[in-house]
Structures are given as structure tokens and as C-alpha cells.
1. In the range 124-220, which strands (runs of 3 or more DSSP E) lie fully inside it and hold 2 or more residues that are under 25 Å from Gln91 (Cβ atoms)?
2. With within 30 Å of Thr112 (Cβ to Cβ), of a type in the set (S, T, N, Q) and at pLDDT 95 or above as the only criterion, which of Ser56, Ser83 stands out?
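The values are calculated or read from the model by the stated rules, or taken from the named source; none is laboratory data. Quantities reported herein were computed from a predicted structural model and do not represent experimental measurements. All Cβ positions, glycine included, derive from the backbone under ideal geometry; neighbour counts span all protein chains shown.
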Amino acid sequence: MHSMTIKKCASVFSIFCIFVLLVPGLEAAPFQLADKKLEACVNALAKKHAWENAASVDKIECHNKGITSLDGVEQFKNVVKLSFHKNDIKQVKLSNLLLLREINLARNKIQTLELANFPQLKNLYFFGNRIPTLSLNALPSLEQIKGNSSEIVNFEYHDLPKLEKIYLFDNEIETLDIYHLPAMKYMDVRQNPMPDKLYEDMDKVPGVTILHDGNAEDWQ
């Protein structure tokens with residue numbers, strides 16, 4: 001039966017057909033990733049969407065899969081959305097995804113978040129993590145971040161010219177630079193132990209809605 005099938009392939013000069021027959025599982029796992037749970041999810045999506053190669057991948061959504069590592073995701077150069085909500089990821093170091101517009105890392109166990117060379121990134125969601133120092137730099141298209149309940153103590157940033165909406169309530173932030181966010185229109189920093197002087201300064205920023213708790217002792 002197998003030889004007859006090969007003969008049929010040869011009759012139409014299909015070398016590729018013979019090659020696939022001789023390499024079992026070639027189509028079953030087109031992508032390889034360090035985290036096997038991530039690999040299984042991506043390959044299931046590949047089968048569903050008929051992705052032929054890494055360049056075909058435009059959106060990855062792997063929720064609640066027990067994923068611990070995102071190593072290898074950078075191979076998907078044309079991806080515009082990444083969503084890994086509710087996994088077990090502790091460290092994120094991603095770079096050079098030039099078309100990425102949205103990334104959802106909410107409800108993981110992230111302690112380190114490093115993003116570099118994301119010129120199109122507009123939305124960043126990372127609420128429900130454990131990030132003592134949040135550092136966001138050189139994200140020229142970023143418009144919105146949601147990082148509530150992430151145990152953030154320090155929020156450091158530079159070169160975020162389009163950041164409009166900032167959600168950082170329920171963290172441990174004591175001080176915050178509110179003067180170098182030229183596009184900011186809305187900030188929610190309720191339930192952070194900030195001093196009254198900073199709240200007073202927030203109330204004076206023109207054209208911006210900033211939600212805060214007034215006296216920090218009121219909610220402790």
C-alpha cells in the first residue's frame with residue numbers, strides 16, 4: 001500500500017509527497033518552543049488556522065495552559081497580538097516584534113518584565129503579577145497600560161510619548177513622576193501608599209483625570 005502511494009506520487013513528479021510520507025509527523029509539529037505547553041498550544045492554533053510557517057502567525061492566544069516560559073516567541077515576526085492570560089510565567093524578556101500591537105500577560109507570576117524594540121505596541125496588560133520594579137522605556141506607540149494588583153513598588157519610565165491611560169491601582173507605589181507623560185489623560189493610582197503632597201500635585205495637573213485616595217492613611 002505504501003509503495004503504491006509512492007508510485008502515485010512519482011507519476012505526477014511529486015518529490016514533496018514522497019518526502020512527507022517518509023518523515024512521519026512532519027506536519028504535526030511545525031513549531032518548536034522551549035516550553036512544551038506553549039508549543040502544544042501554538043501548534044494547535046497552527047492546525048486550526050492553517051499556519052504554514054512562522055511568518056503566517058498573526059495572533060497567539062494561550063490562556064490557562066500552565067505555561068512557564070515564552071522563549072522562542074520572537075520567531076513569529078508578524079504577530080500583532082500575544083495573549084498569555086493566567087499562566088505560570090515568572091520572567092518575560094521579549095524583543096524585536098516590530099508589528100506587535102497588544103500583549104496580555106495578566107494573572108501570571110511575573111517578577112521581571114523587559115520589553116525592547118516594540119515600535120507598534122499600543123496596549124500592555126500585566127495586572128495580577130508580582131513586579132516590584134516596573135520599567136517601561138522607548139515604547140513610542142504605547143497608549144494604555146493595566147498593571148493593577150501587581151505588587152509594584154517602583155514605576156520607572158522614559159520615552160512614552162503616547163501613553164494616555166494608566167491603571168496602577170492596588171500596588172505599593174510611594175512616589176511617581178507625573179510630569180513626563182505628555183499624552184496622559186487618565187491615571188488610576190488608588191490604593192497606593194503615596195504622600196498627601198503627591199496627591200495635591202496630581203490635582204494640579206491640567207487636563208488629566210487622576211484617581212487617588214487623598215490621605216494615604218484613609219485606606220490602610
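1. Output list reads 133-137, 144-146, 154-158, 165-167.
2. Answer to the selection: Ser83.
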